[in-house]
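Just so it is clear, none of the values below were taken in a lab; they were calculated from the coordinates. Quick caveat: nothing in here was measured; it's all calculated off a predicted structure. FYI the Cβ positions are ideal-geometry reconstructions off the backbone, even for glycines, and counts take in every protein chain you see.
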Amino acid sequence: MRSYLSLMLCVSVVYTFPVHAMSDCSKGNNVQEVNECAEKNKTESELNLNKEYKAAKTRIEQIYKGHDQESSQYRTAFLDTQRNWLKYRDSQCRLEAYAAEQGSDAYVSVMNFCIDRLDKERTAILKQLPY
């Protein structure tokens, strides 16, 4: 039963998640190509997220320059929020991949597509900081 669920999950990943991908992973000719595409997209999204996190941190420091206490409080809140968001992201993606056997191609693909999607959402939010 679990292998059937893994197979169905892998098939659904190919047809549902590519909408969110930077590259269209549905054009892969086999599961391995889809998995490689998902991994590439996840890596690129993580790099973009880290870049935007650093840019937001720089903007915060510039805006609150000369206001040390407010700057410190904002940066602490920003760091705490980012850490909590990362915990949320990882938990959410494990939940989405739950039906697949951990370590299977289906599990890895769902995790990669999920991280890619949520990292893009978070990057868009970070671009708005500070409000």
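A few remarks follow.
- Estimated translational D of the stretch 60-107 in µm²/s (Stokes, Kirkwood radius over Cα pairs; 37 °C; 0.692 mPa s): 249
- Relative packing of peptides 85-95, 112-122 - highest average C-beta neighbours within 10 Å first: 112-122, 85-95
- Per-residue 3J(HN,Hα) values for the stretch 104-120, derived from phi via the Karplus relation 6.51 cos²θ - 1.76 cosθ + 1.60 with θ = phi - 60°, read 6, 4, 4, 4, 4, 5, 4, 4, 5, 5, 5, 4, 4, 4, 5, 4, 5 Hz in sequence order (x marks Gly and Pro).
- With all pairs of separate Cα atoms included, the stretch 49-130 yields a Kirkwood hydrodynamic radius of 14.1 Å.
- Counting charges near THR123 (Lys, Arg +1; Asp, Glu -1) among other residues having Cβ under 15 Å from its Cβ returns a value of +4.
- THR76 paired with TYR98, simple spin-label distance in nm, labels 7 Å along Cα-to-beta-carbon: 3.5
- Residue by residue, the stretch 28-42 carries 3J(HN,Hα) couplings of x, 7, 7, 4, 4, 5, 5, 5, 5, 5, 4, 5, 4, 5, 4 Hz when phi is fed to the Karplus relation 6.51 cos²θ - 1.76 cosθ + 1.60 (θ = phi - 60°); x denotes Gly or Pro.
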